[in-house]
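The values are calculated or read from the model by the stated rules, or taken from the named source; none is laboratory data. These figures come from a predicted structure and were not determined experimentally. Don't worry about glycine lacking a Cβ; one is built from the backbone with ideal geometry, like all the others, and counts go over all protein chains shown.
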Amino acid sequence: MKEFKYTITDPIGIHARPAGVLAKLAKSFEGATVFLTKGETTVKASQLMKLMNLGVKAGDEVTIRVEGGDEEAAAAALETFFKENL
């Protein structure tokens, strides 16, 4: 299991466009499951509607956890995605 925390800097937070790209990216990792946690709620990052229902806004800290598959590569790709898009 690989895990990292990220504070959202996008003024709109996780809205439709980046949520869709994140869900697609999360599905692309062979054998790996990606989870996103805000507060006490954890969802699979590949589930777009659940991801958007978290209501992640600018300044919120989220935790991204990768389990299975190539965790190292998946976590690195996700961290890059968050830094560039959120």
Note on the range 23-35: residues among the small types (Gly, Ala, Ser) and surrounded by fewer than 16 Cβ atoms within 10 Å (Cβ to Cβ) are 28, 31
Contact list, first residue from the range 1-27 and farther than 13 Å from residue 61 by Cβ, second anywhere and acidic (Asp, Glu) and outside any strand (DSSP E or B), beta-carbon distance below 8 Å, six or more apart or interchain, is 1/71; 2/71; 2/72; 18/10
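Please state which one of 37, 42 is in contact with a Ser or Thr (Cβ under 7 Å, 6 or more places away or on another chain) and assigned to a strand (DSSP E or B).
Exactly one residue qualifies, and that residue is 37.
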The residue from 38, 57, 50, 2 that alone is buried (at least 17 other Cβ atoms within 10 Å of the Cβ) and more than 11 Å from the chain's Cα centre (by Cα) is 2
The correct count of residues that are over 13 Å from residue 77 (Cα atoms), in a loop (DSSP other than H, G, I, E, B) and in contact with a Gly (Cβ under 7 Å, 6 or more places away or on another chain) in the range 3-29 is 1
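Matching residues to (1) under 19 Å from residue 1 (Cβ atoms); (2) at pLDDT below 95:
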residue	(1), (2)
13	no, yes
26	yes, yes
35	yes, no
42	yes, no
46	yes, yes
72	yes, yes
83	no, yes
Scanning the range 50-80 for residues that are in contact with a helix residue (DSSP H, G or I) (Cβ under 6 Å, 6 or more places away or on another chain) and part of a helix (DSSP H, G or I) gives 51, 52
So is residue 43 farther than 19 Å from residue 9 by Cα, surrounded by 14 or more Cβ atoms within 10 Å (Cβ to Cβ) and among the β-branched types (Val, Ile, Thr) or not?
yes
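I need a count of the residues in the range 68-86 that are over 13 Å from the mean Cα position of the chain (by Cα) and either within 15 Å of residue 18 (Cα to Cα) or not small (Gly, Ala, Ser) (or both).
Count: 3.
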